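Each value in this text was obtained by applying a stated rule to the coordinates, not by laboratory testing. Everything numeric here is computed off the predicted structure, so don't read it as measured data. Neighbour counts are summed over all protein chains in view; Cβ atoms, including those assigned to glycine, are modelled from backbone coordinates with ideal geometry.
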Amino acid sequence: MDSPMEVKNRQLNPDPVSCGTPVKDVILPDNAPKELLLQKHADYIAAYGNKKDDYILTLYDAVDEIDIDNLVKWVVSMQQEDGSFYGDKWGEVDTRFSFCATACLTLLGRQDAMNVDKAVEFVLSCMNFDGGFGCRPGSESHSGQIYCCVGFLAITGHLHNVDADRLGWWLCERQLPSGGLNGRPEKLPDVCYSWWVLASMAIIGRLHWIDKEKLRRFILACQDEETGGFADRPGDMVDPFHTLFGLAGLSLLGDKSVLPVNPVYCMPEDVIRKLSLNNYEVDER
Amino acid sequence: MHRHGRLKVKTTEEQQQAKQAERAKKLQLYNAATSRAFQKINPDFYTFWNIRKEIFLHMKTTLSKEELQKIFHGELEFLEMCLKVNPKSYGTWHHRRFVMDHMPQASWTRELQLCTLFYSMMNGILQMKYQVLQQLAVSDALHARFNTKENAFTNMMSCQYFVSARPGTQNQKINYLLVSRKLSQVLVSFTRSCQVGHLEQEVLSGRELEVTVELQGKEGQILCERSVSLTTDSDESSSQWSTADLAVFFRQQLSSADQATLVHELDDIMELQKMETSNKWAMLTVVLLMMAVDSSCYQKQILELLQELKSLDSMRYTYYCDLRSRFLVECSIKALDSSRALNLSGRGLTYLAHPQLLPLICELDLSGNQLTETLHFSFFQRLQVLNLANNELKNCQGICHLPCLQTLDLSVDCIKSLQTCCQLQHLNVTGNPLCQEPCTLDRLQELLPGVQVRVS
């Protein structure tokens with residue numbers, strides 16, 4: 001359900017350029033933050049710092065702590081005959097599980113345990129005429145799934161199957177007059193797409209097709225000056241999910257006060273470099 | 001753990017009531033929390049759905065069919081409420097499917113009605129998607145669009161649809177194959193990027209005098225074959241794709257429709273564009289269709305429209321710049337004659353498209369453009385003269401391993417990689433920040449002995 005703030009911020013865009021279908025967007029409030037509140041975010045993130053998981057273990061270079069063989073066995077058991085992956089024992093199939101499984105196995109140095117060719121075949125069968133990807137064959141293109149599929153193809157060395165110009169255009173059309181990015185046509189902008197969309201564009205070498213300064217202003221406007229953290233849209237409640245993607249998005253935009261982030265794994269570049277996992281080519285311009 | 005000697009205290013009426021009240025309160029809290037969590041905040045909470053699934057599986061072993069049916073029915077109603085909040089929640093739909101699969105009597109007709117209802121709630125986007133799935137011909141889609149929604153044509157999806165190539169229609173083709181005894185080199189370039197791995201083996205296993213490269217498709221059929229024979233008195237032999245083939249390739253990256261269909265679409269859309277002169281979707285569709293139909297005859301109009309798009313839709317300014325650059329390079333490649341020299345100076349190019357199509361080029365003038373990188377310049381294996389003066393280069397990464405390069409006019413200060421271009425004779429770096437350094441000339445000559453360097 002919409003928060004009152006969201007409804008207030010929402011407007012139908014009168015912009016004649018976009019006529020045909022109305023564009024949903026927000027207006028950035030005049031008093032929204034314009035600078036990056038790093039210390040506030042550090043405090044906010046610290047509150048979640050005691051939850052350790054796989055991701056944290058990789059960051060801390062401590063994957064030895066887990067039972068790798070058992071984990072690999074379980075992840076591989078989720079792969080189906082058509083190459084797709086279940087998310088869990090309940091059997092939902094989605095390209096995002098293909099990405100999670102492959103990223104996880106690759107971070108552990110065990111990509112060879114899965115059937116890569118079959119997995120690639122399944123992900124490519126989810127490619128649409130617009131160059132994007134959906135969660136299953138024939139499903140509508142969605143930025144979240146595009147990130148998963150493009151990231152998956154980068155990890156497995158099959159990026160050449162992506163029509164970068166076609167997909168890059170679809171992705172840059174996600175930028176709305178407020179500067180924010182949405183996940184599909186006719187949807188509201190959301191800070192998390194500053195990651196899904198932007199990382200996809202970085203991987204296929206088309207990051208320069210969006211208006212970086214406008215996006216930066218949008219992301220910064222979604223900060224909470226009181227508590228730290230980022231919300232999906234200006235004035236909404238903050239959460240760790242949007243805080244990560246807000247900061248990671250700023251990093252991709254070249255903000256020097258944040259460490260460089262790897263667009264495929266959404267982890268610091270130096271961690272990925274240490275693992276020697278950069279086997280894909282990015283044409284940065 | 002067992003506990004011994006604990007006295008059982010009989011529950012009084014009062015205590016029981018208090019306990020019941022407490023339970024009711026907890027239940028209320030649980031219900032309030034779950035309904036809040038699922039409906040108000042986010043019905044996409046997988047752990048909650050998974051716990052519910054476990055509970056249902058347990059109930060299946062303990063409850064009667066009638067009871068089960070009732071409980072599952074209640075769950076379906078609950079799910080409907082969740083879907084009203086977020087009709088596209090994957091977790092919710094997947095849980096619904098679980099319920100349908102496990103309830104004693106599932107009404108699939110009712111389910112179909114519900115799907116139809118949600119389907120109609122979504123707007124035209126989904127309809128378009130399904131049309132695409134059915135792989136209707138382009139003109140059918142145009143027709144359907146006009147009938148269903150007046151004025152709805154000019155949005156993003158339709159723009160894409162008119163000029164879309166269906167995935168998988170573009171095949172990689174071998175553009176160029178060269179065998180050189182002099183440089184002990186076999187060079188193969190493809191029209192699109194592809195995974196070389198197993199191809200490499202085939203190329204390298206070619207015998208000394210006859211090299212044939214086959215490119216096989218998924219089902220093993222041969223998509224393309226190129227052969228080159230090297231006679232004992234020649235040093236070099238090559239085979240190249242014709243310009244007519246390249247024209248087809250350029251068109252195919254825009255659309256897989258045939259020429260007649262494209263011409264027909266272009267007529268229709270130009271008509272519409274006249275009615276909505278400042279509509280960017282219509283404008284871009286016209287541009288892409290013109291490029292696909294006949295890029296050289298529409299060149300002037302295409303460039304004018306792109307100019308207009310740049311100011312109309314400034315957020316995607318760089319996209320239009322790149323599209324324009326690609327278009328100009330394609331026009332030049334198609335018009336390339338046998339002189340193997342390409343002049344692309346002062347065209348406002350923001351990048352150099354299709355370097356893989358120019359492995360034969362000997363002279364390349366790219367001066368006075370807005371190039372920022374040279375990443376793929378090592379494709380130019382026969383390049384002797386390269387002019388990159390007055391661009392916006394930050395480094396010259398990629399200008400390496402060019403065995404024939406003799407003259408380079410460069411406006412960057414990243415020189416070291418040039419050591420790998422062993423034929424280099426002239427280097428012009430005037431106007432670079434490095435020229436203000438006192439010993440630049442000495443250092444350059446030290447780095448590149450035998451090269452004539454100009455710093456001022």
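Between A:Asn31 and B:Gln406, what FRET efficiency follows from the Cβ-Cβ distance if R0 is 56 Å, with the result rounded to 0.05? Could you put the intermediate results ahead of the total?
On the way: r = 62 Å, r/R0 = 1.10.
With R0 = 56 Å, the Cβ-Cβ based efficiency is 0.35.
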Inset, instruction - Extending each Cα 7 Å along its Cβ direction at A:Ile45 and A:Asp67, get the distance between those two points in nm, one decimal. - result: 3.2
Legend entry - Of A:Lys34/B:Lys280; A:Lys214/B:Lys394; A:Lys187/B:Lys274; A:Lys214/B:Lys310; A:Lys73/B:Lys60; A:Lys187/B:Lys84, pairs whose Cα-Cα distance is over 22 Å: A:Lys34/B:Lys280; A:Lys214/B:Lys394; A:Lys187/B:Lys274; A:Lys73/B:Lys60
Inset, instruction - Sticking with the crude label model, points 7 Å out along Cα→Cβ, report the distance from B:Asn395 to A:His160 in nm, one decimal please. - result: 2.4
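As a footprinting exposure proxy, order B:Glu22, B:Glu276 by other Cβ within 10 Å, with the fewest listed first. Write out the running numbers ahead of the final one.
On the way: B:Glu22 10, B:Glu276 17.
So the ranking, lowest neighbour count to highest, is B:Glu22, B:Glu276.
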Legend entry - A:Glu225 versus B:Tyr46: modelled label distance in nm, points set 7 Å from Cα along the beta carbon direction: 3.8
Legend entry - For segment A:260-274, Karplus couplings with θ = phi - 60° (6.51, -1.76, 1.60), whole Hz, Gly/Pro x: x, 9, 7, x, 7, 9, 6, 10, x, 4, 5, 5, 5, 5, 4
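Ranking B:Cys396, A:Cys148 by Cβ neighbours within 10 Å, fewest first, what do you get?
Working: B:Cys396 23, A:Cys148 26.
Listing B:Cys396, A:Cys148 from fewest to most nearby Cβ atoms yields B:Cys396, A:Cys148.
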Inset, instruction - Evaluate E = 1/(1 + (r/R0)^6) for A:Gln80 and B:Met59, where r is the Cβ-Cβ distance and R0 equals 25 Å; express this FRET efficiency to the nearest 0.05. - result: 0.35
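Add +1 for every Lys or Arg and -1 for every Asp or Glu among the other residues with Cβ under 12 Å from the Cβ of A:Tyr86, and state the total. Can you show the working numbers first?
Values: positive: A:Lys89, A:Arg96; negative: A:Glu81, A:Asp82, A:Asp88, A:Glu92, A:Asp94.
So the environment of A:Tyr86 carries a net charge of -3.
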Legend entry - Least to most buried among A:Trp74, A:Trp196, B:Trp108, B:Trp93 (fewest other Cβ within 10 Å first): B:Trp108, A:Trp74, B:Trp93, A:Trp196
Legend entry - Per-residue HN-Hα couplings for segment B:262-268 [Karplus 6.51, -1.76, 1.60; θ = phi - 60°; Hz; x = Gly/Pro]: 4, 4, 4, 4, 4, 4, 4
Legend entry - FRET efficiency, B:Ser332 to B:Tyr90 (Cβ-Cβ, R0 45 Å, nearest 0.05): 0.40
Legend entry - Whole-Hz ³J(HN,Hα) from phi, Karplus 6.51 cos²θ - 1.76 cosθ + 1.60, for segment B:93-109, glycine and proline x: 5, 5, 5, 4, 5, 4, 4, 4, 6, 9, 6, x, 10, 9, 9, 6, 5
